[in-house]
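The next block holds one structure in the form of structure tokens; read it before the comments.
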Amino acid sequence: MNKQVEILSDQSALVARSLELILSKLETAIAQRGQFTIALSGGSTPKPLYEAIAAKDLPWDKIHVFWGDERYVPPDHPDSNELMARRAWLDRVDIPAANIHAMPTLDADPALSAAKHEQDLQEFFHTAPGEFPALDVILLGMGDDAHTASLFPHTDALKVSDRLITVGNKDGNPRITFTYPFINAARSVIFVVAGANKRPALAKVFAPEADDFSYPSRLIRPQGELWWLLDSAAGAELPN
């Protein structure tokens, strides 16, 4: 694992550096493999990043968009990660509908949706059950409880190591989420984290020893690159 930590002066600089890094990975992926695969994160922090990507003139037909997790709500619900990304980015550009790989959220049983999405991923990446395909970039945020995607502390989703997709749980509400081994298969994982409220969680995630199941972001140890892009408020107390 190649780990890089960068602390940016403010949220604007954080967005600019995130954009620069993603565009670099996109250029390399398309040159080497003819397409670029990226999984998006939800929440408020990445929204200006998605707006910045939308303003670029990119080969949209070669870009495939996924999500690292999704709230179990309809795609037009205000809490939907898909809806946020569509409004900020995807609806503003000429990307083929077939290149947008949203997580299904309309089945009565979330586990059925998780299984469907796993099958869709296996078909897209041409992988067999038990194999973990490598996305070019997985964008992640981190909560003040050190969760990432919908991998929350002390939940069953943290124990799933043989599937790509599972059901997460946030205070009794189901989510659909990438599993941590699937995240760890990525070529590049990029955490984008902002805010002073993240400092205690970051201290535990970066500590030499702590419980992975209490601080799930510790489970993210990809085979490829691991980037932590932090604003100065979040990164102020990390050791140099």
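The values are calculated or read from the model by the stated rules, or taken from the named source; none is laboratory data. What you see is a predicted model, and the numbers here were worked out from it, not measured in a lab. Please note: Cβ atoms are built from the backbone with ideal geometry, for glycine as well, and neighbour counts cover all protein chains shown. With ligands, DNA and RNA removed, areas are computed over all heavy atoms of the protein, side chains included. Shrake-Rupley method; radii C 1.70, N 1.55, O 1.52, S 1.80 Å.
Rank 232, 150 by accessible area, highest first, at a 1.4 Å probe radius?
Solvent-accessible surface, decreasing: 232, 150.
Can you tally the net charge around residue 33? Count Lys and Arg as +1, Asp and Glu as -1, for every other residue whose Cβ sits under 13 Å from the Cβ of residue 33.
In short, +1.
Near the amide H of residue 168, under 5 Å away, which other amide H atoms are found, from residues 5 or more places off or on another chain, if H is placed in the peptide plane?
Under 5 Å from the amide H of residue 168 lie the amide H atoms of 175, 176, 177, each far enough along the sequence or on another chain.
Quick one: net charge of residue 2's neighbours, Cβ under 14 Å, K/R +1, D/E -1?
+2
Please check which bits of the stretch 113-132 a label hung off residue 163 would reach, taking the label as a point 7 Å along Cα-to-C-beta and the cut-off as backbone N under 11 Å.
113-119
Taking the Cα centre of the stretch 84-197 as origin, sum charge times position over the Cβ atoms of Lys and Arg (+1) and Asp and Glu (-1), and report the length of that vector in debye to the nearest 20.
220
Run lengths n ≥ 4 of DSSP H only: what is the helix-derived mean residue ellipticity at 222 nm for the chain, with -39500 (n - 2.57) per run over all residues, to the nearest 500?
Value at 222 nm, helices only, nearest 500: -9000 deg cm²/dmol.
State the three equivalent ellipsoid semi-axes of the chain, derived from the C-alpha gyration tensor as the square roots of 5 times its eigenvalues, in descending order and whole Å.
24, 22, 17
Of the accessible area of the chain, with the probe set at 1.4 angstrom, what percent is carbon plus sulfur?
48
Quick one: give the max-minus-min coordinate of the C-alpha atoms of the stretch 89-166 along each principal axis, largest first, in Å.
40, 31, 30
Can you give the charge dipole size of the chain about its Cα centre, rounded to the nearest 20 debye, using +1 on the beta carbon of Lys and Arg and -1 on the beta carbon of Asp and Glu?
340
Mind checking which aspartates and glutamates have their C-alpha under 15 Å from residue 25, skipping anything on the same chain fewer than 8 residues away?
Result set, ordered by chain and number: 136, 225.
Hydropathy first: keep DSSP H helices in the chain averaging at least 0.0 on Kyte-Doolittle, then drop any whose Cα extent along the axis falls short of 18 Å, and list what survives.
Length and hydropathy pass: 11-33.
Quickly work out the residue 100-to-residue 123 label distance, labels modelled 7 Å from Cα along the C-beta direction, and quote it in nm with one decimal.
With each label placed 7 Å out from Cα toward Cβ, I get 1.9 nm.
If you count only protein heavy atoms with a 1.4 Å probe, what accessible area per residue comes out for the chain, rounded to a whole Å²?
That works out to 45 Å² per residue.
Using a 1.4 angstrom probe with every protein chain in place, what is the largest-first accessible-area order of 101, 77, 117?
The most accessible residue leads, giving 77, 101, 117.
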